[in-house]
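Contents: one structure, followed by commentary.
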Amino acid sequence: MDIKTVARFNEWWITGKVSDELFFPFKRYLFLELLKHINSRQMVLLAGLRRVGKTVLMYQLIDNLLKNGVMPKNILYFSFDETGYNVNEVIENYQNEILRKGLARQKIYFFFDEIQKAKDWANQIKIWYDLYPQLKFFLSGSASLSLEKKSRESLAGRLLEFVLKPLTFQEFLSIKNIQVKYSEFKIYQNKILPLFIDYLRKSGFPEIVDQEDEQKIKLYIKNSVIDRIIYKDLPLEFGIKDLELLGTLLNLFFTQPGIIVNFDNLSRDLKRDRKTVMNYIYYLRYSLLLRIVLNFRKGVLVASRKMKKIYPSTTSFIFSQTDKYSEMDFSKNALETFVVNELNAEYYYRKNGEVDIIYKGGKNIIPIEVKNTVAETDIKQFKKLMDKLECKKGIIVSREEYNEVKLEEKTIIIIPAWAFALFKEEIIKR
């Protein structure tokens, strides 16, 4: 391993601080939570989509350590994104070339980026973790690493797992120094709605918050996120050969968000083996490009394995496939995709009617429907579905309408999507 190359990513070994070029002052919502575990015994695993800010978050934690008196050379950052090295090689070279002494009785912080690309990473880190209790590991990966059953089992009891979601609307407004009070949110509609529409096309990625050029936004999403995953990450991870199939599936799910998938029909249409199609969808889900929502069966409190709905993991992927973006493209599908991801939705309901999301809060369930505009017939139909589900409260998320409707013993809250994004906890608890 070329230690000079490693040193370039660890400038604090010389300067004592994180380079201004690497440090972003705005801190994502997980920063304070991770800070609570900065000196705990367990290693921290941070998963998330490409470009959502995992690396920046690591540098912010490193900056905090340096400001609190940790010796610069006792902190190592290393990315496995472009290398063929494994964990053992990195630690051994760091120990021999930088520390020039053993690891025993020293508090050392390792920040390993894109860890899923290091061969046998879980087993190798487990050995170091068990042998040297004073070592602290922060790991990140652009994939749903918790899906790797083998890795999870190897590190059972040694690992704290976190997922850094795409940039939230609350964070989007915070970057722009805008605050909205829940008690007064109705008066903010004219100011916030245009920002929310802008957010939907950029949602997820801090680097393009202030970018206004549509083509540059699309190119960023395509080149820095989608293409990197399809043409680099997934082929490397799974040995994928049929890149055309990956691209076709993504185009389908990005242009028809919320589509209900019948694998038999889909494999026939694509002229591919059913198992292959299912595997490729798993790969796309693993890479955090897609979210799968299951059909809820109330009678037995389970979800059907059939009738799965598939969504992009962020609305900006929908925008990346459009020819021209305007308020006219502010579709119900985009709103639905946003709410599904905002709630980490797991279930929808479909039986003599459909509810977009079944939100499970403890023993109770709350049906949530998404509509661009809300007509009286929509409210009546929603109330019928609430009766079937035996729910007293339901929520309709709209483009910009607000209302609260009482029908018999049922309460239906109608709320603009932007307000739901900012105050969903308060609204759900009402």
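Consider region 175-198 and keep the residues that are farther than 23 Å from Ala47 by Cβ and within 20 Å of the chain's Cα centre (by Cα). The one that is surrounded by the fewest Cβ atoms within 10 Å (Cβ to Cβ) is Asp198.
The sole residue among Gly247, Gly204 that is closer than 24 Å to Leu294 by Cα and touching a residue at least 60 places away in the same chain (Cβ under 8 Å) is Gly204.
Within region 16-60, the only residue that satisfies the criterion of being without any contact (Cβ under 8 Å) to a residue 40 or more places away in the chain, more than 23 Å from Pro166 (Cβ to Cβ) and not acidic (Asp, Glu) is Ser19. Here region 346-366 is the region considered, the condition is being farther than 24 Å from Asn333 by Cβ and in a strand (DSSP E or B), and the residue that is modelled with the lowest pLDDT is Gly361.
Could you check, for region 160-174, whether at least one of its residues is more than 27 Å from Val225 (Cα to Cα) and either in contact (Cβ under 8 Å) with a residue 12 or more places away in the chain or not assigned by TED's automatic domain parsing to the domain that holds Ser40 (or both)? No: zero hits. For first residues located in region 255-283 and more than 15 Å from Lys306 (Cα to Cα), partners that are not in a helix (DSSP H, G or I) and lie 6+ apart or on another chain with Cβ distances below 6 Å form the pairs Thr255/Gln321; Pro257/Tyr311; Pro257/Pro312. Listed by position, the helices (runs of 4 or more DSSP H) contained in region 11-120 that have at least 1 residues being in contact with a Leu (Cβ under 8 Å, 6 or more places away or on another chain), modelled with pLDDT of 90 or more and over 21 Å from Gly141 (Cβ atoms) are 12-15, 54-67.
Looking at Ile240, is it farther than 23 Å from Ser331 by Cα and part of a helix (DSSP H, G or I)? Spelling it out, it is not the case that Ile240 is farther than 23 Å from Ser331 by Cα and part of a helix (DSSP H, G or I).
Restricting attention to region 405-425, the residues that are among the acidic types (Asp, Glu) and either at pLDDT 95 or above or at positive phi (or both) total 1.
Does Lys222 satisfy being buried (at least 17 other Cβ atoms within 10 Å of the Cβ), within 15 Å of Gln321 (Cα to Cα) and charged (D, E, K, R)? Judged against the criteria, Lys222 is not a match.
The values are calculated or read from the model by the stated rules, or taken from the named source; none is laboratory data. No experiment lies behind these values; they were computed from the predicted model shown. FYI the Cβ positions are ideal-geometry reconstructions off the backbone, even for glycines, and counts take in every protein chain you see.
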